[in-house]
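The structure appears right after this line, and notes come after that.
The values are calculated or read from the model by the stated rules, or taken from the named source; none is laboratory data. Only a predicted model underlies this, so the values are computations on that prediction, with no experimental measurement involved. Positions of Cβ are generated from backbone atoms using ideal geometry, with glycine treated the same way; all protein chains shown enter the neighbour counts. The accessibility values were calculated without ligands, DNA or RNA, using every heavy atom of the protein model including side chains. Shrake-Rupley method; radii C 1.70, N 1.55, O 1.52, S 1.80 Å.
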Amino acid sequence: MTSDSRSEKVPAASPESVAEAHACAQDCSPRRSVLRGSAAVAAAGAGTLALSGCTQQLKDDASAAHHYDGADPTPVLKAAELPVGESTSVEVDGRTLLMHRVSEGEVVAFSNSCTHQGCAVAVGKREGQTTFACPCHGSHFDVETGKPYGGPARKPLMDFEASVDGEDIVVKL
Ligand code: FES
């Protein structure tokens with residue numbers, strides 16, 4: 001791929017924007033430490049400004065496309081490490097991907113950033129079914145589609161283009 005064609009490509013969401021949304025969500029999290037007494041009063045003005053910025057960031061994130069249009073096919077796992085019907089997470093290039101092997105020739109990959117407030121989603125179980133589960137407010141995401149069910153999340157996880165290429169599982173990053 002030439003640098004010209006790469007510059008024409010407009011990704012649906014950059015790694016930076018995902019990281020910013022995640023950082024903002026961490027700041028907006030109800031699990032932030034609580035200030036007491038006069039410190040809370042003194043911090044209230046600054047907190048209001050910070051939260052209004054977060055609200056805008058979360059709105060922007062909510063309206064963003066949920067497909068990452070990556071350019072570089074990157075081997076992330078050996079195909080043998082993810083049998084059909086299994087799910088796993090993998091760290092690659094500073095991000096965590098949630099992976100599921102749908103069939104011998106089909107694999108899916110998602111960002112682990114929860115579409116509710118950005119907590120780290122992980123492989124879990126719900127009523128005996130494997131799911132991608134968020135520990136913060138209980139959202140679950142379908143391992144094949146990334147669509148939410150249960151919990152407050154309304155948007156699917158951001159998906160990446162993934163494929164089985166010989167002995168490797170490859171994701172476009
Ligand atoms: S951050 Fe709230 S359910 Fe994931």
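Looking only at the range 132-157, how many residues end up being open to solvent by less than 30 Å² (accessible area, probe 1.4 Å), small (Gly, Ala, Ser) and over 20 Å from Leu82 (Cα atoms)?
Within the range 132-157, residues that are open to solvent by less than 30 Å² (accessible area, probe 1.4 Å), small (Gly, Ala, Ser) and over 20 Å from Leu82 (Cα atoms) number 2.
Would you check which residues across the range 117-127 are open to solvent by 60 Å² or more (accessible area, probe 1.4 Å) and not hydrophobic (A, V, I, L, M, F, W, C) and list them?
Lys125, Arg126, Glu127
Can you name the number of the only condition in (1) touching a residue at least 40 places away in the same chain (Cβ under 8 Å); (2) open to solvent by 30 Å² or more (accessible area, probe 1.4 Å); (3) within 14 Å of Ser89 (Cα to Cα) that Ile169 fails?
Tallying (1) touching a residue at least 40 places away in the same chain (Cβ under 8 Å); (2) open to solvent by 30 Å² or more (accessible area, probe 1.4 Å); (3) within 14 Å of Ser89 (Cα to Cα), Ile169 fails exactly one: (2).
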